[in-house]
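Notes follow once the structure below has been shown.
The values are calculated or read from the model by the stated rules, or taken from the named source; none is laboratory data. Source: prediction; values computed, not measured. Reconstructed Cβ throughout: ideal geometry from the backbone, glycine too, with neighbour counts over all protein chains shown. The area values use the complete protein model at the heavy-atom level, side chains included, leaving out ligands, DNA and RNA. Shrake-Rupley method; radii C 1.70, N 1.55, O 1.52, S 1.80 Å.
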Amino acid sequence: ARTADREQKRMHVPVVEKPTEEPPPFTVLVHGPPGVGKTTLIKGLIKHYTRQDVRDPRGPITLIAGKLRRLTFLECPQDLCAMMDAAKFADLVLLLIDGSFGFEMETFEFLNILQVHGFPKVMGVLTHLDGFKDTKALKKTKKVLKHRFWTEIYQGAKLFYLSGFKNGKYLKREVHNLARFISVMKFRPLTWRQAHPYLVADRMEDVTPPAALKSNPKADRTITLYGYLRGANWRQGTKVHIAGVGDYSPSDIIPLPDPCPLPSQR
């Protein structure tokens, strides 16, 4: 009976997936209070996947994580409006928690926002565990934080531990384990996102003619936004809602060659 109960708990309502030849990269959002190690974690994951060091990761970074998987890493700012925007497009959220301090307000705020937006996959990552000298205290803290995390998300939610630093980076083995988890993770398609086209701008360029700006510095700007289209197809002539700015009609939509193709497509 217990086995049957457990099987029943694991079952989901079947969801129709829209197969695409080359799916857009999954968005991995790294969130946490200030000074918890978000940038260091992104650097470590980039180093693991690409064998390259990135000094100062700014904006979205897209990389190939497997034969059929690409990932875009993005750091979430500490602004409530930014958190709301980020919750709308994240496929996986890495919630960083300071082990020496415990949960902070930002984490709970963000979890609340995520629940409203359809609740994507969430994984917890405990950092700053090298401050504990006593193993007993460390064990107790881990247990307390794990159970608090479970009450907030669901029983058995994955919580990773990054135990310390070496040469200003997290330990290779631990980052490797985390990366393996991210690489095989299955994402449930959220119905709202599947029905609406949306684009996270990876790059933005101001293409206003310099002559017009010289004569009038406050002239209307012409801006091009580059990014992967997710969700549904984008029809020419549909209005676009830019978060925090308003609704606009794009003058042109152009499909471009993939800047980061999968190994199978090369």
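Kindly indicate the residue of segment 70-103 that is among the charged types (D, E, K, R) and in contact with a strand residue (DSSP E or B) (Cβ under 7 Å, 6 or more places away or on another chain) and also nearest to TRP150 (Cα to Cα) among those meeting that condition.
ASP98
The set of residues from segment 159-176 being touching a strand residue (DSSP E or B) at 6+ places or on another chain (Cβ under 6 Å) and open to solvent by 60 Å² or more (accessible area, probe 1.4 Å) comprises just one member, TYR161.
Within segment 177-212, the residues that satisfy the criterion of being part of a helix (DSSP H, G or I), open to solvent by 50 Å² or more (accessible area, probe 1.4 Å) and either touching a residue at least 12 places away in the same chain (Cβ under 8 Å) or touching a helix residue (DSSP H, G or I) at 6+ places or on another chain (Cβ under 8 Å) (or both) are ASN177, PHE181, THR191, TRP192, ALA195. Residues satisfying the criterion are absent from segment 138-161 (criterion: within 15 Å of VAL36 (Cβ to Cβ), touching a residue at least 60 places away in the same chain (Cβ under 8 Å) and either within 15 Å of the chain's Cα centre (by Cα) or assigned to a loop (DSSP other than H, G, I, E, B) (or both)). Listed by first and then second residue, the pairs linking a residue in segment 56-74 that is within 15 Å of LEU29 (Cβ to Cβ) and without any contact (Cβ under 8 Å) to a residue 60 or more places away in the chain to a residue that is not in a strand (DSSP E or B) and not aliphatic (A, V, I, L, M), with Cβ atoms under 9 Å apart and 6 or more places separating them unless they lie on different chains, are PRO57/THR39; PRO57/LYS43; PHE73/PRO57; PHE73/PRO60. Quick one: count up the residues across segment 1-44 that are closer than 19 Å to PHE89 by Cα, surrounded by 14 or more Cβ atoms within 10 Å (Cβ to Cβ) and touching a residue at least 60 places away in the same chain (Cβ under 8 Å). Residues meeting the conditions: 9.
Restricted to segment 94-128, and to residues there that are of a type in the set (Val, Ile, Thr) and farther than 19 Å from GLY35 by Cβ, the residue that is surrounded by the fewest Cβ atoms within 10 Å (Cβ to Cβ) is VAL116. Consider segment 214-235 and keep the residues that are open to solvent by 50 Å² or more (accessible area, probe 1.4 Å) and among the hydrophobic types (A, V, I, L, M, F, W, C). The one that is farthest from the chain's Cα centre (by Cα) is ILE223. If we scan segment 236-254, do we find a residue that is within 20 Å of the chain's Cα centre (by Cα) and surrounded by 10 or more Cβ atoms within 10 Å (Cβ to Cβ)? For segment 236-254, residues within 20 Å of the chain's Cα centre (by Cα) and surrounded by 10 or more Cβ atoms within 10 Å (Cβ to Cβ): present.
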